[in-house]
Amino acid sequence: MIETRNLSKVYGKKDSTMQAVRDINLKLEQTKTIAIIGKSGSGKSTLLHLIGGLDRPTSGEVIILGRNLTQLSKREMDDYRSQDLGFVFQSFFVEPNQTCYQNVALPLEINRVPVAQRRQKIEEALKQVDLLDKIKSKAVTLSGGEKQRLAIARAIVSNPKIILADEPTGNLDSATGDKVINLLFDLHRKHGTALVIVTHDQDIAKRCDIRVMIKDGSVEKIEGVIKE
């Protein structure tokens, strides 16, 4: 279950404040594909970051997989992000001078997976994104689409329960973007991983089970199958 209760986020202090998220209440099934839609500056990425524990709310609660994120210690939050979540961002955030193997190994290192158990997991993740032949290549040598697929391999190597994708096709041409989106949906179907995508692309949004429309930091409308 992905749930928010009276969730708000305010940036700045005193007379210079901006409310990015306003009193959002959501209750969404963890097994679904979910699109968070809105114009630039609407608060959709902030909402995703709050769900992912990358930011703390000013008020309200975020309850994911039965855990109230506002009550977690820093160590517990780190464990939540590294074990239960996979992140895919618009800007890739891969380490250019490291190999594909080393990039995908990072979450396993954070999760203290024994070295002897890592290679099989890394090879399987790279195989799923069709990059196994690039296992020894440095990320700097990859195309934009390959870098995003590498980011997806890194996101799935720890078998997360939820993948959070923030405009994952924003830096890609349409054909490459389509391949990346198809890959994310294929992973959802094969593994039952929840997929939450921030997007302004209506075609991507229409493929999702649930569509949450955000405007000026508030939920304007929700379409799809909602958990009661």
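Kindly indicate whether Gly177 is farther than 18 Å from Phe93 by Cα and of a type in the set (Gly, Ala, Ser).
No: the conditions fail for Gly177.
Would the stretch 138-151 turn up any residue that is under 22 Å from Leu50 (Cα atoms), small (Gly, Ala, Ser) and touching a Phe, Trp or Tyr at 6+ places or on another chain (Cβ under 6 Å)?
Yes.
From the list Lys138, Lys161, Lys221, Lys134, which residue is touching a strand residue (DSSP E or B) at 6+ places or on another chain (Cβ under 8 Å) and closer than 18 Å to Lys121 by Cβ?
Exactly one of Lys138, Lys161, Lys221, Lys134 is touching a strand residue (DSSP E or B) at 6+ places or on another chain (Cβ under 8 Å) and closer than 18 Å to Lys121 by Cβ, namely Lys161.
So which strands (runs of 3 or more DSSP E) stay within the stretch 128-228 end to end and still have 3 or more residues that are more than 14 Å from the chain's Cα centre (by Cα) and surrounded by fewer than 16 Cβ atoms within 10 Å (Cβ to Cβ)?
Ranges flagged: 218-224.
Would you confirm whether or not the stretch 69-76 contains a residue that is at positive phi and at pLDDT below 90?
No; the residues of the stretch 69-76 include none that is at positive phi and at pLDDT below 90.
Determine whether Arg81 is free of Cβ contacts under 8 Å to residues at least 40 places away in the same chain, farther than 30 Å from Lys127 by Cα and within 20 Å of the chain's Cα centre (by Cα).
When the stated conditions are applied, Arg81 does not pass them.
Among the residues that make up the stretch 103-122, is at least one of them in contact with a strand residue (DSSP E or B) (Cβ under 7 Å, 6 or more places away or on another chain), crowded, with 23+ Cβ neighbours inside 10 Å and assigned to a helix (DSSP H, G or I)?
no
Consider Val62 against the criteria (1) surrounded by fewer than 20 Cβ atoms within 10 Å (Cβ to Cβ); (2) without any contact (Cβ under 8 Å) to a residue 60 or more places away in the chain; (3) closer than 25 Å to Ile36 by Cα; (4) among the aliphatic types (A, V, I, L, M): it satisfies all of them except one. Which criterion is unmet?
Among (1) surrounded by fewer than 20 Cβ atoms within 10 Å (Cβ to Cβ); (2) without any contact (Cβ under 8 Å) to a residue 60 or more places away in the chain; (3) closer than 25 Å to Ile36 by Cα; (4) among the aliphatic types (A, V, I, L, M), Val62 violates only (1).
The values are calculated or read from the model by the stated rules, or taken from the named source; none is laboratory data. Quantities reported herein were computed from a predicted structural model and do not represent experimental measurements. Using ideal geometry, Cβ is built from the backbone for each residue, glycine included, and neighbour counts are taken over all protein chains shown.
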